[in-house]
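**Student:** Sharing a structure below in structure tokens format, with a few things to ask.
All of the numbers you see were taken from the coordinates with simple rules; none came from a lab. Predicted model, so just to flag it, every value in this text is computed and none were measured. Cβ sites come from the backbone with ideal geometry, for glycine too, and all protein chains shown count toward neighbours.
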Amino acid sequence: MAEGILTGIGTALTLQNVLWVAFGCLAGTLIGMMPGLGPISAIALMIPVSYSLDPTGGLIMMAGVYYGAVFGGSTSSILINAPGVASTVATSFDGYPMARDGQAGRALAIAAYASFFGGTMGAIILLIFASSLAAIALHIQSAEYSALVLLAMTCVVVFAGSNARLPSLITLLLGLMLGTVGTDPMGGAQRFTLGLLELSDGIPFVLLVMATFALAEAFRLAIGEPQLPRGSFSLRDLLIPLALARRLFRVASRSSVLGFIIGIMPGAGATLASFFAYDLEKRIGDGSREAGVTAPEAANNAASTGSFVPLLSLGVPGSGTSAVLLGVMLAYGLQPGPTLVTEQPEIFWGVIISMYVGNVFLLALNLPLIPYLARIVSLPQQVLIPLVIVFALLGVLLTTFSVFDLALMLLLALGATVLRAFGFPLAPLLLGFILSGLFEENLQRALMLSDGDVAYLLNRPIALGILLMNAAICLLPLWNRSES
Amino acid sequence: MSFRLLLLTLFAIGAAYLTLVGQIELDPWSAQDTINSRTLPQIYGALLCLAVLGLALGQRDRTGDMSHPSLHKLKPLFWLSALICVFILSLVWLNLWVALGGLLFGTLWTMGEKRLPVIVALCLAIPLIGFVLVEQVLQMTVPLS
Amino acid sequence: MKCQVPLLRRLGLLIIALALSSAHVAAERLHLIIPAGPGGGLDATARALGNAVVTMDQQAKVSYENRSGGGGGKAMAYFVSNADTLKNTLLVNSAPLIVRSLQGLFPHSYRDLTPIAGLIADPGVIAVRKDSKFQSWRDIAAALKGGKDRVFIAGGSVKGSLDHITLSLLAQAEGIDPRRLRYLAYDGGAKAQLALLSGEVDVMVSGLGETLAAHRAGTVRILGVTNDRDDMDGMTSFVDQGLDVVFYNWRGIFAPLSTSAERREELKALMNTVTNTAAWQEQLARYGWQPMFLSGDDFTAYLAEQEILLTGVMTGLGLIRP
């Protein structure tokens, strides 16, 4: 294996490939920062470019594009509360308030360090355990998925604090309900489409997030008291005090491991990972906002690396992005799968190492940009609000090209503004929406497979364990009450 | 708008959702499944109604920013929504980037930016950057419908 | 009123175009509408075709437009209602077009389009794990008929999709009521394949394109293919196994209904030449696509044939209500 790794380093670090990964990072960051364009679109848009390269060069460039796009997404998530992809939603929970308080530079820097750390940890775990971890992906079946998704939903409601539990439950349910609009994931029935063709594919994620986070935030700023922009924007923001760094190191370490493990499971891995890591820090960590940015960023990057495990070891893509990457690999005549390690070690290790190189380059390229990016929040409110509105509308238009969607978006944004004004948290709404389809399809399959027999669960210890954890967390508030 | 009205609206949403659940057409072979296209929506709708009731009973005197909204504060919200509506309607017959310039102009003006050079610069620069990036660099075609 | 609308629109475009002074001189240009988002099979088909056209004729300009939504219905609605104003615009579409219009998900059908050429055909496959207890399709059919074991079959999309239909065609040919099948829908062929590998299900129905790599890598075994070609890579077609099931997910190119006969011949000729170029063959090999070249009337006849076949199986499934 050591030989394989050395071959990999040799392949990834030729001057030509380093140039390609740098180019990929830059292009990815730019595309990722644009409204509505996430890693999948970034990779799809770069495919024509990759054809002119040899397989390793092409894949290495794609790794750069991917990491760049993920970073670009966190930027808009922190600066203007507009997460472009589901996995950076949790970053905005603490990142955006930090930016509003004049710590935009610090929040971005922490996000960049945490992403780098998560990616590094992910790559290391992948290097050591690559093929043996594949077994985990195979143990997670429909029953485990539905139990895990239920756990994420239980956590967001129970951990909301005694006053916010019912409001959180209400917005979670609203999100789940919005997620049921469209074609039923199992039966194929049309639900809640009101006979409209526009709704038959469901509500796009970008639409909901741009409406309830970005647009609603612009509205909230418009009706709130005007605030004066605060904060400094210098390269000094990039330096994290040692004490804080030490604290965040621990946060990032546990989030990365958690993220990687959840990331191996195909599907919403990176998203679930970031939510879980955030919840975990809020419960057992110090609850600081810095930790709140670190945890989801480290977790989602480690998870994205984790999602390569099923791709490289089983030949089955674990996420939308790795599905597009699989397309690229196949286009080069490579066959990802257990044989890739043995038959084409230079490609296998080349990909893994290049993902790491992509990470390093991302950090080097983007850190100097941060003070300039952070200046966006220092714009006076009367300029910032119009820009956020335009960004949000463009984000939806560029993904769906539908005027109907814009109208729907305005409606949802107004609803979200009202809910927020009355103190309802909106994060559970987004979580419910993201998990709605995943929950339903896995639950349906699990129930069909088990034929409604509870004994089925006994044969599945992981699912049973997660369900028991669910029950324990539900009982937590009662226990706390009796204690106080 | 009072908190009570909001709760009433939420309850109505739950009830309307439950009514719509009844209209979902089930395919003939999955009607007997343990869980079909209607099951989870039924649960969600019922839970929402219950949670809203619980909130209504538990906390009668909840207040937020908007418990006594003044007209002055809601005005910008109204104007912004109106401008976005005009933008959406104008997309049917105007080029996206031109319409976007118009939207920027309107929103900047209503948000209180009165320096004309700033407004004009932004209204020209942002659509232009968008056009170059999206249609020229990324070669995406932006259709309008 | 009517003449003002395009004028304003053109004016807006003109201003920006002049500002950039990037007005191109019109060469042979094609505009491809893709009824799906970037990154999928239809998107790849359109871009591969465009790539081949540009390689053949350096002067040509090809642009793409992703119009997703409504299961392809939004692109159809746009294409049909703007047929008279769309110049040099083509629509890429695939077999779900017929399925969805039969289901009544959208009001249009292939009859509202001018079929130009069929380009690619992806047959369906039945696959199992390499160490499966099922050695052949016969074993699976016997288990399904016997009804003693509960056999779950994974597919990459909802009930009523192509995967489910492929399976139902096979079941019907075996005399099994397709409504009694235990079909489990997954979100995409990849997840169905993972469910197969993890042992959650024992059988998978999918497209050849998505499964071939895994078959060659030896993780799954393809027990039958719904094509009528010679055997390849140790796979046998169902026809050779005595089952009269031939079914493809085709992808093809359509022009607006109002296209003149002259222009239609031009486009047919263009597709004919493009599909014979080395560039196109290279794209086919790259994606593992099976070519299916059907031009003009042959393509229309094929579509009509498919519609009859699908009406039969979908009625049997209860997807079309009489």
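**Student:** In nm, give the distance between the simple-model label positions of A:Ile128 and C:Ile308, each being 7 Å from the Cα along the Cα-to-Cβ direction.
**Tutor:** 6.5
**Student:** Related question: In a shell of Cβ-Cβ distance under 15 Å around A:Val390, excluding A:Val390 itself, what net charge do Lys and Arg (+1) and Asp and Glu (-1) give? Present the calculation step by step, with values, prior to reporting the outcome.
**Tutor:** Values: positive: none; negative: A:Glu217, B:Glu113.
Neighbourhood net charge equals -2.
**Student:** Please sort C:68-75, A:399-406 by packing, taking for each peptide the average over its residues of neighbouring beta carbons within 10 angstrom, highest first.
**Tutor:** C:68-75, A:399-406
**Student:** If one computes the Cα centroid of the stretch A:90-144 and of the stretch C:265-322, what distance in Å separates the two points?
**Tutor:** First find each Cα centre; the distance between them is then 44 Å.
**Student:** Could you pull out every one of the lysines with an alpha carbon less than 29 Å from that of B:Lys73, ignoring same-chain neighbours closer than 8 positions?
**Tutor:** Within the straight-line limit of under 29 Å, B:Lys73 reaches these lysines: B:Lys114.
**Student:** By the gyration tensor of its Cα atoms, with a ≥ b ≥ c the square roots of the eigenvalues, what is the shape of the stretch A:2-483: rounded for a/c under 1.5, prolate for a/b over b/c, or oblate?
**Tutor:** Cα axes put the stretch A:2-483 in the rounded bin.
**Student:** Related question: Relative to the Cα centre, what is the charge dipole magnitude of the stretch A:2-483, using +1 at the beta carbon of each Lys and Arg, -1 at the beta carbon of each Asp and Glu, and rounding to the nearest 20 debye?
**Tutor:** 1140
**Student:** Using the basic label-point model (7 angstrom from Cα toward the beta carbon), what is the C:Ser260 to B:Leu124 distance in nanometres?
**Tutor:** About 4.3 nm, to one decimal.
**Student:** Let me ask another. With +1 on the Cβ of every Lys and Arg and -1 on the Cβ of every Asp and Glu, and nothing else charged, how large is the dipole of chain C about its Cα centre, in debye rounded to the nearest 20? Please report the intermediate quantities before stating the final value.
**Tutor:** Details: 32 positive and 31 negative charges, 217 e Å.
With Lys and Arg at +1 and Asp and Glu at -1, about 1040 debye.
**Student:** Could I ask something else about it? Among B:Met111, C:Gln290, A:Phe192, whose Cα projects farthest towards the positive end of the dipole of the protein assembly as shown, with charges put on the beta-carbon of Lys, Arg (+1) and Asp, Glu (-1)?
**Tutor:** Farthest towards the positive end: B:Met111.
**Student:** When a/c is below 1.5 the answer is rounded, else prolate if a/b is larger than b/c, else oblate, so apply that to the stretch C:252-322 with a ≥ b ≥ c taken from the square roots of the Cα gyration tensor eigenvalues. Each step should come with its number before you reach the end.
**Tutor:** Working: a/c = 3.38, a/b = 1.50, b/c = 2.24.
Oblate.
**Student:** Go through the stretch C:172-246 and name the trypsin sites (Lys or Arg not before Pro) that are in a DSSP coil and have 16 or fewer other Cβ atoms within 10 Å of their Cβ.
**Tutor:** When the trypsin sites (Lys or Arg not before Pro) of the stretch C:172-246 are filtered for loop state and at most 16 Cβ neighbours within 10 Å, C:Arg229 remain.
**Student:** Same structure, new question: Using the Kyte-Doolittle scale, find the helices of chain C whose mean hydropathy is at least -1.0 and whose Cα atoms extend 30 Å or more along the helix's long axis, counting only whole DSSP H runs.
**Tutor:** C:296-317
**Student:** A further question follows. At R0 = 30 Å, how high is the FRET efficiency between A:Asp54 and C:Asn88 if r is their beta carbon distance? Nearest 0.05 is fine.
**Tutor:** Details: r = 35 Å, r/R0 = 1.17.
Calculated value: 0.30.
**Student:** Determine, from the Cβ-Cβ distance of C:Gln135 and C:Tyr287 and an R0 of 35 Å, the FRET efficiency 1/(1 + (r/R0)^6), rounded to the nearest 0.05.
**Tutor:** 0.70
**Student:** As a quick test, which of the pairs C:Lys133/C:Lys159; C:Lys130/C:Lys159; C:Lys87/C:Lys268; A:Lys282/C:Lys191 have an alpha carbon distance above 22 angstrom in this structure?
**Tutor:** In this structure, C:Lys133/C:Lys159; C:Lys130/C:Lys159; A:Lys282/C:Lys191 lie more than 22 Å apart at Cα.
**Student:** Nearest 500 deg cm²/dmol is fine: what mean residue ellipticity at 222 nm does chain C get from its DSSP H runs of n ≥ 4 alone, each adding -39,500 (n - 2.57), divided by its residue count?
**Tutor:** Values: 11 runs with 140 residues, N = 322.
The per-residue figure over chain C is -13500 deg cm²/dmol.
**Student:** While we're looking at this one, here's another question. Could you give the size of the charge dipole of the stretch C:175-304 about its Cα centre, using +1 on the Cβ of each K and R and -1 on the Cβ of each D and E, expressed in debye and rounded to the nearest 20?
**Tutor:** 380
**Student:** Over chain A, what relative contact order in percent results from Cα pairs under 8 Å that are six or more residues apart?
**Tutor:** RCO, chain A: 29 percent.
**Student:** Also, quick follow-up: Aspartates and glutamates near B:Lys75 by alpha-carbon distance under 20 Å, same-chain residues fewer than 8 away left out - which ones?
**Tutor:** Straight-line reach from B:Lys75, under 20 Å: A:Glu217, A:Glu225, B:Asp65, B:Glu113.
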